Structure formats: structure tokens, C-alpha cells
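The values are calculated or read from the model by the stated rules, or taken from the named source; none is laboratory data. Not measured: the values here are computed from a predicted model. Cβ atoms come from the backbone with ideal geometry, glycine included; neighbour counts cover every protein chain shown. Surface areas here come from the heavy atoms of the whole protein model, side chains and all, with no ligands, DNA or RNA. Shrake-Rupley method; radii C 1.70, N 1.55, O 1.52, S 1.80 Å.
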Amino acid sequence: MSLFLLHETAAGYALLEAHGIDEIGQNTEAVRNSVTDFNRFGKVVKLRSFNPFTSALEGLEQINAVSEGIMTDELRTVLETNLPKVKEGKKPKFTLGVVESKIGSHIHEATKIPVQSNEFVGELLRGVRQHFDKFVGDLKPGDLEKAQLGLCHSYSRAKVKFNVNRVDNMVIQAIFLLDTLDKDINSFAMRVREWYSWHFPELVKIVNDNYLYCKVAKFIEDKSKLAEDKIEALTDLVGDEDKAKEIVEAAKASMGQDLSPVDLINVHQFAQRVMDLSDYRRRLSDYLSAKMNDIAPNLQSLVGDSVGARLISHAGSLTNLAKCPSSTLQILGAEKALFRALKTRGNTPKYGLIFHSSFIGRASAKNKGRMARYLANKCSIASRIDCFSEKGTSAFGEKLREQVEERLDFYDKGVAPRKNIDVMKSAIESADNNDTEMETEEPSAKKTKKKKQKPAAEDDKAEETTNGDAEHKSEKKKKKKEKRKLEQEVEVQEQVVDDGANGESGKKKKKKSKRKDTE
């Protein structure tokens, strides 16, 4: 039985035929030894056909299909034209050797060509790859390397391409930056408090919020200049008139030392910098919420922006999180505690990052572990829906959140929750309804735009038609009047004629009646 080898290169498809397989006896060691020497290997394997790609774009398309295990039409024509035909009902007298078993199964299903993929075929193809430039004589030195380099760049570039609206890397960077900003803002705000407390130590006890403290310190600057005429402005900053009056009274009896104008300017600038960082942190939080709504809307609606982003960040990507089982997702972030428990044979942790979810905090102490396991199950479902669904919708996340709420009520009050199948059916219905609403809104918006564009033209047409109708009606009225006059004249003449005839007939009737009476 003859063996054909399919070799996919950056330049095209090569089909080779192996001779003398029976002599070798399919011994892998013998093939491995003969691979390095082309004089020996060239006697065993010979080139049957070589079909080059017409362009780099075609090469990229073919290699993408091969990597996904799909046989293209071009590859099918190469195999059908160069291999012996497979007759129905008869066993073929050849096999096709390929490296990837995935594409081999697809070739066998589509063309019924027997395919072989094992270590022996791999060694043969390794020798083909090593001596390929010697098999194809038309290739110049360096041509194959250039084609491989260009295809590698194109293939990598195509693999890196992604949907701009679903970039989980942006979420990972944003949550890392948020954590860093929280630490920096906290340390900077404490520095502002310590620095300004040398001048106005009583303000620390009155204003507790860091951001508000920086705003008040920036507004006051020198406490000796703070008077009752600034109470209104302080009230706008603090939001409480009593607290503003308390600040003014504390400034009058303050025990702090005086600061030079240069020191006050530095404190003022530093407080402004802390306020800018806080404002940027708020904008970054809004950005993270928007990105989570685009990337993982169901996970966001289930556990929130922060917890969902931390889970994606710790897993590495949304795809990695979707591949994790719920038991792994449950302890994600508690790896040290897990391995320490395994080493010491202690109790393993019940929760990791999902502990920051509000559901775990609301559960009782004895139900925290069960609640964490249930929440991890729902997070795993939500992440898989977000990762593999084509349309982004938060309907499933909302329904999963309702399930978690029902589970909390079941643990606390004993109320029986709904079944999963019923919840998923309602989620699918709500998602379909949202899609239909979106589809109906788009054509209605287009219709309104068309109506707005046409009203002037329609008004002009209406005026023209009304004017024409009025003139036409006036002409009709005139014609009707003329017809009525003619009809009236004709009727008068007919009445005159009828009256004359009626008079003669009346006389005759009277004469007849008189005759009857005399008789």
C-alpha cells in the first residue's frame, strides 16, 4: 500500500509519495536515522506535486483554515487531482499522511480518502520539512524563509485581531489602575491631613472625608482670614450649615501654628493634586463600568463592576474565566490559603475574590460557604454566556441575580426558590423581547426622519390641491346653474302645452256628463 504525504508550507501545498515503506517496515528509528541524510531520504520520499499559492493573502487564508482543521476547496482540488480515485465499495490501495489529525478527519469525511496520522508519518514529514528546498528545484535560496517570515507576521497579526468593543485587557488594566489609585489617594490624603494639621489641627475631627477635607483646606488656606462672611461658601462645600459654623468657630480658637505664604501655597497645590486624582479615579470607575457592560454584561449585573473585573483580571482573560469550573472560580484569589491548607492538611478556604460580593456579606455565618459555592456556580454560567454569546445582553445576569436573592431567602426564611429551567426560559424570552424591541426601534427612527424631511413638500402639494379643487368646484357650480335654468325653461313650456290639452279634454268630459244626465 502506497503512502502519500501532505505538507503545508508557506509557499503552497506539496504532495509527496513515500516508496519502500515495506522494506523499512515502518520502523520509526530507521526513519529518524535516514531523515538527516538526503541521499537516503530522497530515495524513500519523492515529490508528487507542488501547488504554490497565488498571493500572500491566499496563503494566509489557507493556513488559517488548516489551523482550524478545515479543508478548503483549493486543498480538495489538489488532493482529488493528484491522488488515485477512491471507488465506492472497494478498499483504497493508498493512505494519506498528515500531521494534524483534526484536518485528517475532515478530509476523510469529505472525500473518503483514508488518512494516517501517527509518529511514523510525523518523522517522514519532519524530513520533508528539513529538505523541502531540495525537493522543489525552482525555489531559490532564501525564498522559502521569506515566505515563512511574511506568513508568520500575517498569521500572528490575524490572530491578534479582536473586537474593539470586547477587549478584556482594558478591564484588567483599569482595575489594576483603580487599586493603585485607591492606595495613592489614601496615602496622599493622609499626607495632606498631617501637613495642614500643623496649621489647623481641629479640622481633622470636624471633616472626616478625605476628598472633602482637601476641598475645605484649599478653600480656607490661612485660618486667620476665615470669618463669618465665608459661612455661606463653606456651607456649599460641606453641605451642612452647622458644620460650617463649627469650622469657623474652631478656626478662631485654633491651637495650630502659623504657616508662611510659601508653605500655604504648597499645601494648596498638593490638596488640588489630590482632588484631581480623586476626580480621575471617579472617571476611571465610570469607564470600567462602561467596558464591563460591553464585555461581560451578565457578570456585571450579577456581582457588580469591581468583583467581576477582579475575577477577569485574576483569571487572565474572560475566556480563561469561562473555562474555569465553578469550584476553581469559588477560591480564585485564595491560592495561598488553599496550598497552605493542603500542605498542613487543614480546612480549605471557602471563598476568594467573590467574598467581596454583597451576597456573601448578607449570608449568615453558617451559610457563607454554601452561598459562596452557589454564587460561584452562577458566576461561571454568566461568564460563559458573556464569552461565547454573539449578542450582548444582561437579561441572563439579571435572572441569575434573582436566583441568588431567592437562595438567600431560602436560607433565611425557607422560601422555596424557582427551578433553573424556569428561570432560563424566562431569561431567553426577555432577551428575545429586547432584540425585537431594538429591531422595531430602528425602522421607526428611520420613518420619523423621513417624515421630518417631507413635511414642507407635502404642505405645498396640499395647498396646490386645495386651490385646484376650489377652482374646479366653482366651475362645476356654474355649469349646474346653467343646466338648472335650461331645465326650468323646458318644464315651463311643457306645462303650458299640458294645460292647453287638459282644458280641451275637460270641456269634452263636461259635455259627456250632461248627456248622461239628460238620458
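For a quick check: with amide H placed at 1.01 Å from N, whose amide H comes under 5 Å from S2's, ignoring anything fewer than 5 positions away on the same chain?
The list, which skips near neighbours in sequence, is T95.
Quick one: check the C-alpha center-to-center distance for region 337-397 versus region 102-126, whole angstrom.
44 Å
Please report Rg (one decimal) and Dmax (integer) in Å for the Cα set of region 323-375.
Both quantities, over Cα of region 323-375: 11.2, 31 Å.
Which ³J(HN,Hα) values in Hz, rounded to whole numbers, follow from the phi angles of region 47-60 under the Karplus curve 6.51 cos²θ - 1.76 cosθ + 1.60, where θ = phi - 60° and Gly and Pro get x?
For region 47-60, the Karplus curve yields 6, 9, 7, 9, 10, x, 6, 6, 8, 5, 5, 5, x, 5 Hz.
Taking θ as phi - 60°, what are the ³J(HN,Hα) couplings along region 172-183 by the Karplus curve (6.51, -1.76, 1.60), each to the nearest whole Hz, with x for Gly and Pro?
Running phi through 6.51 cos²θ - 1.76 cosθ + 1.60 with θ = phi - 60° gives 4, 5, 5, 6, 4, 5, 5, 4, 5, 5, 4, 5 Hz.
Expressed as a whole number of Å, what is the distance separating the alpha-carbon centroids of region 263-327 and region 197-252?
32 Å
Rank F53, F38, F339 by accessible area, highest first, at a 1.4 Å probe radius?
Details: F53 35, F38 55, F339 130 Å².
Largest to smallest exposure gives the sequence F339, F38, F53.
For a quick check of understanding: with a 1.4 angstrom probe and all protein chains in place, what accessible area in square angstrom does R129 have, to the nearest ten?
140 Å²
Could you give me the radius of gyration and the Dmax of region 170-285, taking only the C-alpha atoms into account and expressing both in angstrom?
Over region 170-285's Cα set, Rg and Dmax evaluate to 15.3, 51 Å.
Determine how large the accessible area of Y280 is when every protein chain is in place; take a 1.4 Å probe and give Å² rounded to the nearest 10.
Per-residue accessible area (Y280): approximately 90 Å².
Rounded to the nearest 0.05, what FRET efficiency do D279 and K205 give with R0 = 35 Å and r taken as the Cβ-Cβ distance? Could you check?
0.85
Quote to one decimal, in nm, the extra length available between A110 and T81 on full extension: 0.36 nm per residue of separation minus the C-alpha distance between them.
8.9 nm
Over all Cα pairs of region 2-160, how is the pair count split among 10 Å bins, expressed in % and running from 0 up to the last occupied bin?
Each 10 Å bin holds this share of Cα pairs: 10, 39, 36, 14, 1.
To the nearest 10 Å², what's S394's accessible area with a 1.4 Å probe?
Answer for S394: close to 40 Å² accessible.
Relative to 2.2 N^0.38 Å, what does the C-alpha radius of gyration of region 285-431 come to as a ratio? Two decimals please.
For region 285-431, the normalised Cα radius of gyration is 1.05.
Rounded to the nearest percent, how much of the accessible area of region 2-160 (1.4 Å probe, protein heavy atoms only) is carbon and sulfur?
50 percent
From the protein chains alone at 1.4 Å, what is the descending order of accessible area for Y213, Y287, Y351, largest first? Don't skip to the end; give the middle numbers.
Details: Y213 0, Y287 90, Y351 65 Å².
The most accessible residue leads, giving Y287, Y351, Y213.
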